[in-house]
Every structure is written in structure tokens, then in C-alpha cells.
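The values are calculated or read from the model by the stated rules, or taken from the named source; none is laboratory data. Being a predicted model, the structure only gives us computed values, none of them experimental. Counting neighbours? That spans all protein chains shown, and the Cβs are built from the backbone with ideal geometry, glycine included. SASA here: full protein model, heavy atoms, side chains in, ligands and nucleic acids out. Shrake-Rupley method; radii C 1.70, N 1.55, O 1.52, S 1.80 Å.
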Amino acid sequence: MMTAIKNEKAHAKTARPLAMGAAAALGGLALTIGGADAASAHVTIASDTDEAGAYSVLTFSVPHGCDGSATDKIAIQVPDEIDAVTPTRNPFYSVDVKTEKLDHPAKDSHGNEMTERDSEVVYKAKTPLPDDQRDTFELSLKLPDDAAGKTLHFPTVQTCEKGESAWVQVPAQGQDADDLELPAPEITITEPGADGEHPGDTAAKSADVDTAARGDDGQTPLTIASLVVGTLGLIGAIIALGRGRKKG
């Protein structure tokens, strides 16, 4: 009987440090994952369709400010493959579409002759967007014909009250955009009919995915869950340590 009691006490002394170590490790890992996920929040594009030749609404998501500073301006460059864009009105910003002259006259989608194209859309904040809040900016446009498989980049400069974030980096061939510090927002054009859905249905799903993936505060569910698990793990380690000291 005495031997069994001694063995039980020895097992308890061994188990406590293991439990404490596991809890601390779990907490540290979860907090690390949450921190990495939060740091990787880039300016991104969601579209109601990516089909070549289709009319699409692109939604640019700006998840945070510049190192703690509020956002004053968002300038989106339009790729050469696109001739015209129509920005959606945003009550918190003024919007200006800048144009540039074409080297040679071209025809638009309606057969009209064009001598210039839309080159940049600039949103200026009437009230700065706080660092811990997000906003979206929509552009309606026609995706280029015969461009299936091609990736279009929309270099975007985010100007803040202090500093700026230039989301203008384009990956080299074979490079993953996620490996870049400030990648330009991008979409990849698909074959006509590849979406397999009505544009309206896809637009609604894009909005739901963007909201669900990031949340109203710009944090993803993975970030929130990992922070909760990490906190519980650290609390468990502290409680186990306190009990171990009392029994010792």
C-alpha cells in the first residue's frame, strides 16, 4: 500500500512539470501563430468574377493603417490591360479618376475610339481611417479578352498621417506573392464560364468570405482562436505551477 502511494506521488511530481511545459508550449505556439497571421494582413482583391471579357466589380480590402497611423489616402493604379474603371462612391472619401493619353487611338468595348485611358483611382479620406479599423474600395471594370491565365496587378499606395505603405511589389516568375513584404493586390483571369456561377451570387459570396475571413476588426478567426488558446494555455501553466509549489 505504501509503495503504491509513493508511486502515485512520484507520478504526480513528474506529471506536473510535463503539464506545465505542454501548456506553456501550446500557449507560445498559439500566440506565435496569431502574431504571424496578423502581420500577414495585406491589401487584397475580391472579385465577383474573374472571367476573361466579363464585367467585374473588384473590392480592395485595406485591413489596417501604417504602423499604427491612420490612413489618409488610397491610390490604386490600373494595369495597362484595362481601359476604364468606375469607382463605387464611398461617403468617407472623395474620389478622383486620373487618366493618361494613349500612344495610339484604340477601340473600347462598345467600338468607340479612345485617345486616353483611366490610369489611377485616388480615394482621399474626409476623416482618417483609424489604424485598428478596415475599409473596402470598389472598382467596376471590364476584364480584358483573351487574357485567361494571366495575373493582373493593381499596385496600391496607402498614405497615412505618418508614413505610407506602398503595396507595389510584383513577384518574379515562380515566386509566391506571400513571400513579399508589400505585395501588390492581384487577380488571375480565368477562362469564360470557369466560375460556374452567376456574377451576383459570386459577389455575395466574396463579401461573405471577406467578412468571415477577417472579421470587423481585421482579425481572422485563426488569429482570434489562437490568441484564446494561447491565453488559456498560459493560465493553465500558472495554476499548475502554483499548485506544485503549495504541495511541495
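Quick rundown of the values:
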item	result
Given (1) touching a residue at least 60 places away in the same chain (Cβ under 8 Å); (2) closer than 20 Å to S47 by Cα; (3) open to solvent by 20 Å² or more (accessible area, probe 1.4 Å), number of the condition V62 does not satisfy	(3)
A12, sole failed condition from (1) farther than 21 Å from Y123 by Cβ; (2) modelled with pLDDT of 95 or more; (3) aliphatic (A, V, I, L, M)	(2)
Residue that is nearest to the chain's Cα centre (by Cα), among those in region 169-185 that are touching a residue at least 40 places away in the same chain (Cβ under 8 Å) and under 20 Å from V122 (Cβ atoms)	P185
Filtered residue count, region 66-112, keeping only those that are assigned to a loop (DSSP other than H, G, I, E, B), surrounded by 14 or more Cβ atoms within 10 Å (Cβ to Cβ) and charged (D, E, K, R)	1
Subset of region 170-180 [surrounded by 14 or more Cβ atoms within 10 Å (Cβ to Cβ) and farther than 24 Å from E51 by Cα]	L180
Failed criterion for A166 (all others in (1) more than 15 Å from the chain's Cα centre (by Cα); (2) more than 21 Å from E138 (Cβ to Cβ); (3) not charged (D, E, K, R) hold)	(1)
Yes/no for P183 being closer than 13 Å to T44 by Cα, open to solvent by less than 80 Å² (accessible area, probe 1.4 Å) and touching a His at 6+ places or on another chain (Cβ under 8 Å)	yes
D146 outside any strand (DSSP E or B) and closer than 19 Å to H64 by Cα	no
Some residue of region 147-163 being free of Cβ contacts under 8 Å to residues at least 60 places away in the same chain, surrounded by fewer than 16 Cβ atoms within 10 Å (Cβ to Cβ) and under 20 Å from the mean Cα position of the chain (by Cα)	yes
Enumeration of residues in region 125-143 that are open to solvent by 40 Å² or more (accessible area, probe 1.4 Å), under 21 Å from the mean Cα position of the chain (by Cα) and either of a type in the set (S, T, Y) or under 17 Å from S69 (Cβ atoms) (or both)	P128, P130, D131, D132, Q133, R134, T136, S140
